[in-house]
2 protein chains.
Amino acid sequence: MSVNCDLQRERAAASLDSEDFALWWAGGASELAERRALEHRFYEDPELEESVHPSCLSYKERYEQTVARSTRFLAKLRQWQREKQPQLNLSVNLLRDFRLLLSGPLGTGLFQQSFPLRLHFSMFMTTLLSQGTEEQQAQWLNRAWHMDGVIGTYAQTELGHGTFVRGLETRADYDPERQEFVLNTPTQSSYKWWPGGLGNTANLIIVLAQLYVKGKHHGLQSFLVRIRDERTHEPLPGVDVGDIGPRMGGNGVNNGFLGLRDVRIPRNQMLMKNAQVLEDGTFVQGRPPLLLYGTMVYVRVITLRDVLFGLLQAATIATRYSVVRRQSPIEENQPEVSVLDHITQQAKILPQIARGVSYRLVADWLWRFYERVLQQLEANNPRNSLPELHALSCCLKAVATDEATEGVDRLRKSCGGHGYLSSANFDSIHGLTAAAYTYEGEYTVLLLQTARFLIRQYVDSLKRKVLPPSVSYLRDTARLVWSKSLSANCVRALEIAALEQVRQAWQTQSTHQRSKVSAQMASNLAGRQLTAAAVAHAHAFFTRNALEELERLRKTGLSKGVSSVLGELVELFVLDTFLRQSGSVLRWNSITGTQLRFVESRYEELLSQLRPNAVALVDGFDFHDRVLGSTLGCHDGRVYERLMAEARRNPLNQEPVNASFHSHLLPMMRGKL
Amino acid sequence: MSVNCDLQRERAAASLDSEDFALWWAGGASELAERRALEHRFYEDPELEESVHPSCLSYKERYEQTVARSTRFLAKLRQWQREKQPQLNLSVNLLRDFRLLLSGPLGTGLFQQSFPLRLHFSMFMTTLLSQGTEEQQAQWLNRAWHMDGVIGTYAQTELGHGTFVRGLETRADYDPERQEFVLNTPTQSSYKWWPGGLGNTANLIIVLAQLYVKGKHHGLQSFLVRIRDERTHEPLPGVDVGDIGPRMGGNGVNNGFLGLRDVRIPRNQMLMKNAQVLEDGTFVQGRPPLLLYGTMVYVRVITLRDVLFGLLQAATIATRYSVVRRQSPIEENQPEVSVLDHITQQAKILPQIARGVSYRLVADWLWRFYERVLQQLEANNPRNSLPELHALSCCLKAVATDEATEGVDRLRKSCGGHGYLSSANFDSIHGLTAAAYTYEGEYTVLLLQTARFLIRQYVDSLKRKVLPPSVSYLRDTARLVWSKSLSANCVRALEIAALEQVRQAWQTQSTHQRSKVSAQMASNLAGRQLTAAAVAHAHAFFTRNALEELERLRKTGLSKGVSSVLGELVELFVLDTFLRQSGSVLRWNSITGTQLRFVESRYEELLSQLRPNAVALVDGFDFHDRVLGSTLGCHDGRVYERLMAEARRNPLNQEPVNASFHSHLLPMMRGKL
């Protein structure tokens, strides 16, 4: 099969060497080679192929196909791991690696809408590791790793309770006589709802429930509950379990609901690393764990990577398609041009690439920051940076998810009608990205958490205290001085806007408090200002940090090609953020029309500089065709052939005449209905 | 079944009488009564019910169920129409009424993702009417109306050609010897692609193709082509037809592809009202039709209604759910409050209601304007307002679709995780709204058309010519004078921003032209400014027109309750637009921080004024539960019961143990995979 000639031409004319970029992007030659070898091994395995596009299957068929394929995949992945590393040491890090294989590019290429066994490794086993005692780990961990009679998941969210975890209703009452816990979901709204794999797959799960001993409440604890018979898989007595149904995305996950009615478990199935219930019912509160919301922070840090991954998948598809697709001549009586030659199309696509790449720089920094904080905590450092990490991870996760989701949608729209087809795969990518808006901290709730931190820091700044680095700009009250560096001007203007937005939120809150409402109500009434402050902070941080990371990377030695294109991308990201936030920027800074026009013409200049390298750049992300999963985005650019081929595969097209013609259309045409 | 108590409380406390609002919204008592009677008749008909939620079906099953239900629906609708109006006069207006029944609330309630027979009435029959000669109409129209052996659709778009219609490749060559046209899709990219109902349903369609007579090209003409045998439904020789596959929305439409290879039709199957091919091949160009792009303009005018309908469906669901859903206390140690009590939630929902209602006012005005222009054209008035109507309909359709799609998504997100479920129905609503971004004129292409008009008008204004009313502000170069009326200030600021944006686009274009690129290339290079100008114009027009329409309506007599809530909604819409466009507004106006704070506090005051009437207001849109199609949005607010009930209906939940347990999970757990 030949490569589309427009794509060939683009590749030949690019100044960027995409293999050079790919090496940097993958983190080195061996990382790139290993990933490619893995992809080769799994993507060319005929036993892992899909005969029908999942979007054509019924929900039930999709579940069954996903279970079949994912069990095969897991078996093959274990085989690969045994070859690579015969001695296995079960640890948090191993689980993380496994999670990255399952949910990262490799797993995505096989399961565009994920699969039900993922939660077993990502949430069930990590919770066993972090909350189980040594004895509990000895009893369960090895079995869990080998899935020896155990398929797990983690059940927290309830039908009526998500964000406000303290409001969960599921309860576990300790029965000292039988030394058992009795679990109940006493109301409709207390049914567990959402856990992945819970519907029809998991048989032994961790349930978060309110602990009661002799009528006394001891907060939320985790319990290991068998819900399905190990051999027959039948739901056990008192267990009401099923799948919650189709969703915007992630339809392979088998998210489930669960009602419990007097389900009894032995005492040693409460996870007791941090708190214990003794045989007689005595409750012992242990030391709180080092990183109380450790998993949440970890997941938020990782989410930044996940959403930029989705954004760049979408950008790759849109870029290649926009070269192959020809539409409307620019000059009269000339042939139609590649859509990417229209400046309006460049403005839809290139800033998304710039955003994804800049997020990647920030995500790498954030990961290192996270590891630094873990070290501080392990060293019992009381002046650790956990509050700063927490505040940053909240607003960066929220804003990045929001921007990436909007970016994926913008890229989808840039592909016109074809972008709307499931075979283009934007809908799956959008669905997974959009889910991150809510999970592990809902957007607005996260922003309010960051805002509380910002307000505290702002009050500290008034007291002339030293502030953590990411918010030190809150002490800098100097006005914008327009310098020669447009990027620096933009970042500074975004910081001033953030500072002023924080100040305004604080003033609004204080004004309300003076009018005698409670502090909580005042904070509710200032909600719009508070969330705006957190968003402004995130934008200021993203741009500042991306520029700093670029400088740092350049010092570590980048190839000339990579350094140059990264420079253009980060600058475009900074200018784009500035222009998109111009409402807030102009409100809080004095910027002239001439200065704005400078920013705009530099912005357009960057578009035209990046344009010739657009294809080479997305080639450099080195997404395997299977990872993109798109008829529009394949490396060979044979868009129309693939659209037709996918349509022809549709089971609806396998018979020339559908049965409903005889049963309904013909009688209707004969007036017999 | 009782009504959720929080909803009851809201309804009891509202000052707005929702029935009063419903009367106005429906356009009068008889309109409201007729719609309700229709809904009663069709929605309570057990033969039209769905036993399984369509999102659980395979694509093929969904098609079959849709055909079965839609043929039943059509038969019943005809029956109703015969009862109502025994003497039928086939006309454009009747077809429009029929289209409104099929695609409006009634049809939406039955087919959330539409159905394949819709295009027969909306596009096939209207094209026969507008492009067929009298003889052709006599031959086909009656048969088409009764679907007597005829199921039609209209095929224009091709796999490789959409926006640039002149680029279509399908060709029809006249063979004078046999007096036939020979139709061909000579390339892969010329396959027809997208027409609704084409896949497996239609048998006689209208095909747009390049006409060639003796090798000479005579532009695009329409041809009536039989593609499937009337009795067997088998594709005819030379016809390659099928369904293009699943999409983000509208999955009931049976969009199809079509390849033609030497398919012959008799000469009288070219639609010859506007141009003829005589027996010997002589081509006769008739008078161009009055309204060359009439259908396009009509559809754009109607699209404004469609997208505000979707936006308000979503807003109704989100409002009711936000009252029922309780999350996070505001005051410490108090129960969790209705989410709608959080000001951040009000700011997500209420402005969308305001937007939908304001669009409705503008849509009504636009419809009257459309009818006025039709009259001008019929009277052969050379100074007709067609260019103004065209320019307005382009940018209003583009901007309203974009804002409504974003609004639906924002409302979905305001419902947290549950909004993500298909049973909440946001995904269907979003899919249908999002489709309008592309169909009947792609967003950016439409904006560029409006921009060309704006530039012409701006140049005219420099020559001191009189401008059409909707752009007369382009002549008003006075600066913003901040008055007591915040709405007036906001509209004026938006107009100034639009004017300046038009001026800047014109300057950019002129500058490029002076640097010796062609006018076309200059226009491409100014693309970002041109589209920004059209968007700014749309915002200025929407806000100005909504305020004017409100004034006019008040003069015609509105009840006090309706007048008051409309006043709040339109003002909120104007302020919201101003704040959302603040980047452009602040760039082109001098507005102080104090003035902005005034706008913001009035904005928040409006949120709190509207809050107590939120439920009564959405009740007043009088969407039937079937039209909302949502577990979260029903009138009785029994959200959790409905979520559970819908989950339990899922075919995957009908067996306690899925077959894949035995075939895959158990072997995996025993290490046998």
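The values are calculated or read from the model by the stated rules, or taken from the named source; none is laboratory data. Here the structure is a predicted model, which is why all the values come from computation and not from measurement. Cβ placement follows ideal geometry from the backbone for every residue including glycine, while neighbour counts extend to all protein chains displayed. Ligands, DNA and RNA are excluded from the accessible area calculation, which covers all protein heavy atoms including side chains. Shrake-Rupley method; radii C 1.70, N 1.55, O 1.52, S 1.80 Å.
Ligands, DNA and RNA are left out, and with a 1.4 angstrom probe the accessible area of region B:538-649 is 34 Å² per residue. Taking label positions 7 Å along the Cα-Cβ direction at both residue B:3 and residue A:476, the computed distance is 5.7 nm, reported to one decimal. Here residue A:649 yields copy-to-copy label distances, from shortest upward, of 3.1 nm, the label point defined as 7 Å from Cα along Cα to C-beta. Diffusion coefficient of region B:534-579 by Stokes-Einstein, Kirkwood radius over Cα pairs, 25 °C, 0.890 mPa s: 222 µm²/s.
For the pair region B:258-286 / region A:43-64, the C-alpha centres are spaced 46 Å from each other. Hey, how much of the P(r) for region A:195-324 falls beyond 27 Å, as a percent of Cα pairs? Summing the P(r) of region A:195-324 above 27 Å gives 44 percent of all pairs. Note on region A:124-285: percent of Cα-Cα distances in each 5 Å bin, starting at 0 and stopping at the bin with the largest distance, equals 2, 9, 19, 22, 22, 16, 7, 2, 1, 0. Per residue of B:524-531, other chain Cβ atoms within 10 Å of the residue Cβ number 5 on average. Could you pull out the pairs from A:413/B:192; A:672/B:76; A:516/B:348 whose alpha carbons sit more than 23 Å apart here? Checking Cα-Cα distances, A:516/B:348 exceed 23 Å. Given the Cα atoms of region B:46-99, and with Rh set as the inverse mean 1/r over their pairs in the Kirkwood sense, what is Rg to Rh to two decimals? Radius of gyration relative to Kirkwood radius: 1.12.
For a paramagnetic label modelled on residue B:645 (point 7 Å from Cα along Cα→Cβ), amide N atoms under 17 Å away belong, within region B:297-331, to B:321. Here the protein assembly as shown is assigned +1 on the Cβ of each Lys and Arg and -1 on the Cβ of each Asp and Glu. Its dipole about the Cα centre then comes out at about 2560 debye. Using the average count of surrounding beta-carbon atoms within 10 Å as a protection proxy, the listed peptides A:91-100, B:302-311 rank, highest first, as B:302-311, A:91-100. Here region A:451-589 yields Rg over Rh of 1.06, to two decimals, using C-alpha coordinates and the Kirkwood radius. Listed by chain and number, the aspartates and glutamates whose alpha-carbon sits under 18 Å from that of residue B:555, ignoring those within fewer than 8 places in the same chain, are B:20, B:364, B:568, B:571.
Accessible surface of residue B:20, taken over heavy atoms with a 1.4 Å probe and every protein chain present, rounds to 50 Å². Largest first, the extents of the alpha carbon coordinates of region A:391-470 on the three principal axes equal 57, 22, 15 Å.
Each of A:103, A:138, A:86 was scored by the projection of its Cα onto the charge dipole of region A:86-156, and the greatest displacement toward the positive side belongs to A:103; charges sit on the C-beta of Lys, Arg, Asp and Glu. Remark on chain A: ratio of C-alpha radius of gyration to 2.2 N^0.38 Å is 1.04.
Think of region B:149-285 as a dipole: +1 on every Lys or Arg Cβ, -1 on every Asp or Glu Cβ, centred on the Cα centre; then among B:202, B:236, B:248, B:248 lies furthest on the positive end. With contacts taken as Cα pairs under 8 Å and at least 6 residues apart, region B:333-459 reaches a relative contact order of 26 percent. Among bridges DSSP assigns within the protein assembly as shown, what percent are antiparallel (round to 5)? Taking every DSSP beta bridge with both residues in the protein assembly as shown, the antiparallel ones total about 85 percent.
Here region A:177-232 yields Rg over Rh of 0.99, to two decimals, using C-alpha coordinates and the Kirkwood radius. Considering only B:507, B:286, A:327, and ranking their Cα positions along the charge dipole of the protein assembly as shown that arises from unit charges at the beta-carbon of Lys, Arg, Asp and Glu, the one farthest toward the positive end is B:507. Listed by chain and number, the lysines whose alpha-carbon sits under 23 Å from that of residue B:214, ignoring those within fewer than 8 places in the same chain, are B:273.
With each label modelled as a point 7 angstrom along the Cα→C-beta vector, the residue A:655-residue B:261 pair spans 2.5 nm.
Along its principal axes, region A:378-523 has C-alpha extents of 58, 45, 44 angstrom, given from the largest down.
Taking every residue in A:635-646 and counting other chain Cβ atoms within 10 Å of its Cβ, the average works out to 3.
The label point for residue A:608 and the one for residue B:93, both projected 7 Å from the Cα toward the Cβ, are 5.5 nm apart. Here residue B:465 is the anchor, and the aspartates and glutamates within straight C-alpha reach of less than 16 Å, apart from those fewer than 8 places off in the same chain, are B:388, B:476. Sequence-ordered 3J(HN,Hα) estimates for region B:9-21 from the Karplus curve with 6.51, -1.76 and 1.60 and θ = phi - 60° stand at 4, 4, 5, 5, 8, 5, 8, 7, 8, 5, 5, 4, 5 Hz, glycine and proline given as x.
Label points for residue B:86 are taken 7 Å from Cα along Cα→Cβ. From this copy to the others they lie 9.3 nm apart, shortest first.
State whether region B:54-213 is rounded, prolate or oblate according to the following rule on the C-alpha gyration tensor (a ≥ b ≥ c being the square roots of its eigenvalues): a/c under 1.5 gives rounded; otherwise a/b larger than b/c gives prolate, and the remaining case gives oblate. Verdict is oblate for region B:54-213.
Only the Cβ atoms of Lys and Arg (+1) and of Asp and Glu (-1) were treated as charged; on that basis the dipole of region B:499-578 about its Cα centre amounts to roughly 380 debye.
Percentage of Cα-Cα pair distances in the protein assembly as shown greater than 66 Å, rounded to whole percent? Counting every Cα pair in the protein assembly as shown, those more than 66 Å apart make up 7 percent. Near the amide H of residue A:275, within less than 5 Å, lie the amide hydrogens of A:286, all on another chain or at least 5 residues away, with H placed in the peptide plane. Dipole size of chain A about its Cα centre, with +1 on Lys/Arg Cβ and -1 on Asp/Glu Cβ: approximately 1720 debye, rounded to the nearest 20. Start at zero, step by 5 Å, and the Cα-Cα distances of region A:265-336 spread as 3, 11, 10, 9, 8, 8, 7, 7, 6, 5, 5, 5, 4, 4, 3, 3, 1, 0 percent across the bins. Ordered shortest first, which distances in nm separate the 7 Å Cα→C-beta label point of residue B:231 from those of the other copies? Copy-to-copy label distances for residue B:231: 6.3 nm. Computed over protein heavy atoms with a 1.4 Å probe, the carbon and sulfur contribution to the accessible area of region B:376-429 reaches 43%. Mean partner shielding of peptide A:407-416, defined as the number of other chain Cβ atoms within 10 Å of each residue Cβ, is 3.
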